[in-house]
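Structure first, commentary second.
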Amino acid sequence: MSKRLMNGLCWFLALEFAWGAVTKYWPGDTVFSSAYSVKFAEWGYPAWMRFVVGALEGAAAVLLVIPDRRTRFLGATTLMFVLTGAVTTHLVHHDPAVESWAAPTHLVVMGLLALAHWPADWRDLLRTRAASTA
């Protein structure tokens, strides 16, 4: 995949998840669905959990737009963690497919994005930029 196409995909996904993060903090209904404060309560989660999910989505969105292999890998894997919870929640609560298709689709896309940015060595995730270029 070309670098320009990968950058475009990362930016598009980052904007999607940044919007998703904002909607978790939004007090009322969103453009696409009912309020997340209501949804999280219906799913049996504490009210504050939507803020944790929103913060993780927002942080991962920022990591996706930084043009560095490590940060994009960390952003994609963070979103895989969040999306695994979303998919599980939708399955457990038997949510209709029209409300549930986005989470598994994005989970697959994030898995592919994580694979595309997989570090050559897992220790690369822990190294500083100066140490990895030396």
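The values are calculated or read from the model by the stated rules, or taken from the named source; none is laboratory data. No experiment lies behind these values; they were computed from the predicted model shown. Every residue, glycine as well, gets a Cβ built from its backbone with ideal geometry; the counts of neighbours run over all protein chains shown. For accessibility, only protein heavy atoms count, side chains too; no ligands or nucleic acids. Shrake-Rupley method; radii C 1.70, N 1.55, O 1.52, S 1.80 Å.
Among the residues of this structure, residue 61 counts as one that is touching a Phe, Trp or Tyr at 6+ places or on another chain (Cβ under 6 Å) and more than 20 Å from residue 29 (Cβ to Cβ). Here residue 37 does not fit the description of being outside any helix (DSSP H, G or I) and polar (S, T, N, Q).
Say whether the condition of being in contact with a Gly (Cβ under 7 Å, 6 or more places away or on another chain) and either open to solvent by less than 30 Å² (accessible area, probe 1.4 Å) or modelled with pLDDT of 90 or more (or both) is met by at least one residue in segment 63-79. Steps first, please.
From segment 63-79, those in contact with a Gly (Cβ under 7 Å, 6 or more places away or on another chain) are 63-64; that's our starting set.
Now narrow it down to the ones that are either open to solvent by less than 30 Å² (accessible area, probe 1.4 Å) or modelled with pLDDT of 90 or more (or both): 63-64.
Checked against the condition, which is being in contact with a Gly (Cβ under 7 Å, 6 or more places away or on another chain) and either open to solvent by less than 30 Å² (accessible area, probe 1.4 Å) or modelled with pLDDT of 90 or more (or both), segment 63-79 yields at least one hit.
Are any of the residues in segment 2-25 more than 21 Å from residue 95 (Cβ to Cβ), of a type in the set (Lys, Arg) and assigned to a helix (DSSP H, G or I)? Outline the logic, then answer.
Taking segment 2-25 and keeping what is more than 21 Å from residue 95 (Cβ to Cβ), we get 2-15, 18, 22, 25.
Those left that are additionally of a type in the set (Lys, Arg): 3-4.
Subsequent filtering for residues that are assigned to a helix (DSSP H, G or I) retains 3-4.
For segment 2-25, residues more than 21 Å from residue 95 (Cβ to Cβ), of a type in the set (Lys, Arg) and assigned to a helix (DSSP H, G or I): present.
Summed over segment 1-38, residues that are modelled with pLDDT of 85 or more, under 16 Å from residue 54 (Cβ atoms), open to solvent by 30 Å² or more (accessible area, probe 1.4 Å) and of a type outside the set (Gly, Ala, Ser) total 8.
For segment 110-128, the tally of residues that are open to solvent by 50 Å² or more (accessible area, probe 1.4 Å) and at pLDDT below 90 stands at 8.
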